[in-house]
1. Which value results for Rg/Rh of the range A:245-297 when Rg is the Cα radius of gyration and Rh the Kirkwood radius based on the inverse mean 1/r?
2. What net charge do the residues around B:Ala41 carry, taking every other residue with its C-beta under 12 Å from that of B:Ala41, with Lys and Arg at +1 and Asp and Glu at -1?
3. Express as a percent, rounded to the nearest 5, the fraction of DSSP beta bridges in the protein assembly as shown (both residues included) that run antiparallel.
4. Kindly point out which whole DSSP H helices in chain B project their C-alpha atoms 18 angstrom or further along the helix axis while averaging a Kyte-Doolittle hydropathy of -1.0 or above.
5. What full-extension length gain, to one decimal in nm, is calculated for A:Ser94 and A:Arg177 as 0.36 nm per residue of separation minus the Cα-Cα distance?
6. Label position 7 Å from Cα toward Cβ: report the copy-to-copy distances for B:Pro118 in nm, one decimal, ordered from shortest.
7. By the scheme Lys and Arg +1, Asp and Glu -1, what is the net charge of all other residues having a beta-carbon under 13 Å from that of A:Pro21?
8. For label points placed 7 Å from Cα toward Cβ, what is the shortest-first list of nm distances from A:Asn18 to its copies?
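The values are calculated or read from the model by the stated rules, or taken from the named source; none is laboratory data. Just so it is clear, the structure is predicted and the values come from calculations on it, not from any experiment. We place every Cβ from the backbone using ideal geometry, glycine too, and count neighbours over all the protein chains shown. To get the accessible areas, we keep the full protein, side chains included, count just its heavy atoms, and leave off ligands, DNA and RNA. Shrake-Rupley method; radii C 1.70, N 1.55, O 1.52, S 1.80 Å.
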2 protein chains.
Amino acid sequence: MEFSFLTMGTASALPTANRYPSAHILTVRERLFLIDCGEGAQMQMRKFGVSFAKIDHIFISHLHGDHLFGLFGLLSTMAMAGRSGDLHIYAPESFGRILSFFMEEFGEGIKYKIDFHPVKCKEPVQIFDSRQLEVFAFPLVHRGETYGFIFKEKTPQLNVHKHLIGPHNLSLYDIARLKEGNDLVRTATFTDEDGSVVEYEETLKNEDFTYLPYKPRSFAYCTDTMPFRRLAGWIKGVDMIYHDSTYTKEYEDLAKSTLHSTSAAAACCAIEAGAKKLVLGHYSSRYKSLDTMLEEAKAIFPETYLAKEGMKFEIELEKFK
Amino acid sequence: MEFSFLTMGTASALPTANRYPSAHILTVRERLFLIDCGEGAQMQMRKFGVSFAKIDHIFISHLHGDHLFGLFGLLSTMAMAGRSGDLHIYAPESFGRILSFFMEEFGEGIKYKIDFHPVKCKEPVQIFDSRQLEVFAFPLVHRGETYGFIFKEKTPQLNVHKHLIGPHNLSLYDIARLKEGNDLVRTATFTDEDGSVVEYEETLKNEDFTYLPYKPRSFAYCTDTMPFRRLAGWIKGVDMIYHDSTYTKEYEDLAKSTLHSTSAAAACCAIEAGAKKLVLGHYSSRYKSLDTMLEEAKAIFPETYLAKEGMKFEIELEKFK
């Protein structure tokens, strides 16, 4: 029941010897979601043991090279590795013409189907839906159309407290209705003092007999962006946030002019959203040490962590009994 | 007076965790020439301390992704790093429309001039010419238009043997003419027994008074290609060859069908060309160990070396006195 976020590239526009452009893997159970695909993503994936075959969905936040230029190599490699299943790409609308051009010039060997889902919204909208997970896109504030993504596990089916339903002699149908979240209203009987059977209406309140087996988990991807008021509301209650953290406070002006965030701004967003964990990334190449970056965020939101190439951040499953 | 070849990517079409797609730096004195630019080239360049600013010329052998997909990121990074000087790209003709599309979609911040030199030839042709170096392109045999390149130092100006010209009392003009390779025909005099001055014509043969200060060096880049008869003739006498070595002999059939070479075929080319040194690369991802690859080539051409990411192969300057 893994739910984890692997950071494979923490550089901003200029990569360094150790920091690669943006590329991340969100693992939800057996499924892998690639979020952004900067240059070198496929080599990083090999390095960190990521199986290309398990990726059916790729999310591109925006069409800047440092979030995109690894896609062409990856698509080619997937073809050479014999991929046959459909691949879904979620990206801003104008990715369409980039994909068309790529397919025309380099797509000869690509036999699998690439299904492009243009993202366009001004408020959060659902862009992916499966039995266990849904993904919403929401706009960020950056140069050019940019979207963040929130990945939410769906609320699981309820479990019943066996020791509590025991005395009620419920049918399998009734148990199923409880698990679906319904109250049960049914006709019960009792035998009175003079031996006659009396019918009465009994209500079994769902909340008295059921419990959530685990808390559904969620993750929000918020880069590249400058801070803006509505963001925290859109990702309210999320477990973990990955947030643009291009600069320290010292370069707040530069953050503003380039439409990026400081680590402190990222921390403020995490607090307002009521998140449990904040992961920083997308660091400007000017920083050799990220100590100040981390300190400035931790002073606001203590559960802040620095992303690093190859680092995996897990959201543990909280089980209930 | 460096003349060296740095290999930054030795993978063939499928990169591995340790092998990157094709990208190489030929250093000729202070000048850096980038030869092919597979994905991740800019990160490899950072890793191996290659100065982006010293690269004014990029040579692309052919338009397969593993030789090209690093170029987009590099061009963007050069812009962000403040490049202002012209950049020259030598590539097959159809690179033109790729460059146009790239500039349209991603070129907003690129203020420096990109000068595209389409390569098209059936025999070796000169594509670059400077005071000290010339570069020729020649066709290779591979899927799609593919070119190899030969980099040749020009023959340097001659030096004069000072102790030999001393007795002739030459003017600076005459010395310059000798250095340019001319014989000197001049009127000399001697005084005969009865004291009269006799004029006579004296010829100073250039070869008696001059010598080459060093032997001009050369390097041939031959990938991707299947072996073909004319290649060795075109690169005759070259000091060092980098050659397609995708397979071992075991997979000779695969080499044929994919229009690649075995290491043994590369070695045969090196022998026929009378080269001094052969560097192998572009290995198929099937090989973890390259021992057999190397052995099979060395059995034919002992001065064979395996390229590895970050390895530099030097051609020493042979000086004469």
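1. Values: Rg = 10.6 Å, Rh = 11.1 Å.
Looking at the range A:245-297, the ratio lands at 0.96.
2. Local net charge: -3.
3. Numbers: 84 of 138 bridges.
Of the beta bridges lying entirely in the protein assembly as shown, close to 60 percent run antiparallel.
4. Numbers: long enough: none.
Qualifying helices: none.
5. On the way: separation 83, 0.36 × 83 = 29.88 nm, distance 4.63 nm.
Residue separation times 0.36 nm, minus the Cα-Cα distance, leaves 25.2 nm.
6. Spelled out, the distances from B:Pro118's label point are 3.2 nm.
7. Numbers: positive: A:Arg19, B:Arg46; negative: A:Asp36, A:Glu39, A:Asp66, A:Asp224, A:Glu309, B:Glu39.
Once all neighbours under 13 Å are counted, the net charge is -4.
8. Counterpart label points of A:Asn18 in the remaining copies fall at 2.2 nm.
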